[in-house]
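**Student:** Dropping a structure here in structure tokens format, bear with me for questions.
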Amino acid sequence: MMLKRKNHSAPVVYVVMGLLELFCFAMLLHSLITGQWLYALMCLANAVLVVTPQLLQRWLDLQISAVFEIFLMIFTILAIIVGTVLDVYYLTNWLDLVVHAFSGFLVAAIGFQLHSIMNRHSLETPSLAYRCVTAFCASLAVAVLWEFWEYFVFSLFDMDMQHDSVLNRLCTSYFTNKDGVSDIFENVTSMTLVADGKTYEINGYLDMGFIDTMTDMLACFGGTIVFLVGVFAGKERFIELFTPQRKLTDGKKTREPETV
């Protein structure tokens, strides 16, 4: 039996939304005072994103649980203001991975209900297996598109959105000129970078983002797996709490989903 869906958000959602909006505008004011115009624009965009779940519920006739809506709002704050504006991405080694894992979970949740959202007049519900595959594919597709975006802004606008790594072990086929045949350099202790008349000493080999790209995608994959495990372990209660769902109208009910 499907749980009864409410037609309005819980009061706690509006409380959290109000607090996050105040935080966004406080950071917007700080960015304007300090002359950080790009950060000010990001704070303004984040203020819009905080209310986006409410707008989507109305535009797409969806019902989003208070838990999932709060998750979405917190995710936008972590990803934009906390991570970029407050520079926490570079002050810690874990926030970037948390955000990507968070995104994997949330996008998988949306992908899980994608058929229902896009086929608003259908009373049929695809099998659980089909929806899990859709969730998995949607989440990993978004992860790939995000890495495409980071490469795009790096290539065209010289914006480095990757977290570079300093490695002390290097495996490369650059010197062998043979595919699959690599030289392995252990205990790499220094690297000298000379550019524009300046010399920089690095305590190892500077990786320009390959490791960051792969760890981000693995974190997203991990978040997706957590969501899928929750679907099979929590069943309908988990789906009700952690996925956006189409509102029931005119007393109609969707067909109960199959178990496989």
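The values are calculated or read from the model by the stated rules, or taken from the named source; none is laboratory data. This one's a predicted model, so the numbers in the text were calculated from it and none came from an experiment. No Cβ is skipped: glycine too gets one built from the backbone with ideal geometry, and neighbour counts run over all protein chains shown. Surface areas here come from the heavy atoms of the whole protein model, side chains and all, with no ligands, DNA or RNA. Shrake-Rupley method; radii C 1.70, N 1.55, O 1.52, S 1.80 Å.
**Student:** Once label points are set 7 Å from the Cα along Cα→Cβ at both Asn119 and Ala66, what is their separation, rounded to one decimal in nm?
**Tutor:** Output for this residue pair reads 3.3 nm.
**Student:** To the nearest 0.05, how large is the calculated FRET efficiency for Leu38 and Ala195 if R₀ is 25 Å and r is the Cβ-Cβ distance?
**Tutor:** So the FRET efficiency works out to roughly 0.50.
**Student:** How much net charge surrounds Asp207 when only other residues with a Cβ under 12 Å from its Cβ are counted (Lys, Arg +1; Asp, Glu -1)?
**Tutor:** -1
**Student:** Using a ≥ b ≥ c from the Cα gyration tensor of segment 84-197 (square roots of the eigenvalues), is it rounded, prolate or oblate, where a/c under 1.5 gives rounded and otherwise the larger of a/b and b/c decides, a/b for prolate?
**Tutor:** prolate
**Student:** Which helices pass in the chain if a helix is a full DSSP H run, must span at least 20 angstrom along its long axis by Cα, and must have mean Kyte-Doolittle hydropathy not below -0.5?
**Tutor:** Working: long enough: 11-33 (33 Å, 2.04); 37-59 (32 Å, 1.08); 95-112 (25 Å, 1.89); 128-157 (43 Å, 1.39); 210-242 (39 Å, 1.15).
Long hydrophobic helices here: 11-33, 37-59, 95-112, 128-157, 210-242.
**Student:** Sticking with this structure for a sec: Counting only heavy atoms of protein chains, what accessible area per residue, in Å², does the chain have with a probe of 1.4 Å?
**Tutor:** Here the residues of the chain average 60 Å² of exposed surface.
**Student:** Each label point is 7 Å from the Cα along the Cα-to-Cβ direction; what then is the distance between the points at Phe148 and Thr52, in nm?
**Tutor:** 1.8 nm
**Student:** For the chain, what number of Lys pairs, 8 or more residues apart or on separate chains, have alpha-carbon atoms under 25 Å from each other?
**Tutor:** Step by step, the pairs that qualify in the chain add up to 11.
**Student:** Take the Cα of Ile184, step 7 Å along the line toward its Cβ, and report every residue of segment 149-168 whose backbone nitrogen sits under 19 Å from that point.
**Tutor:** 167-168
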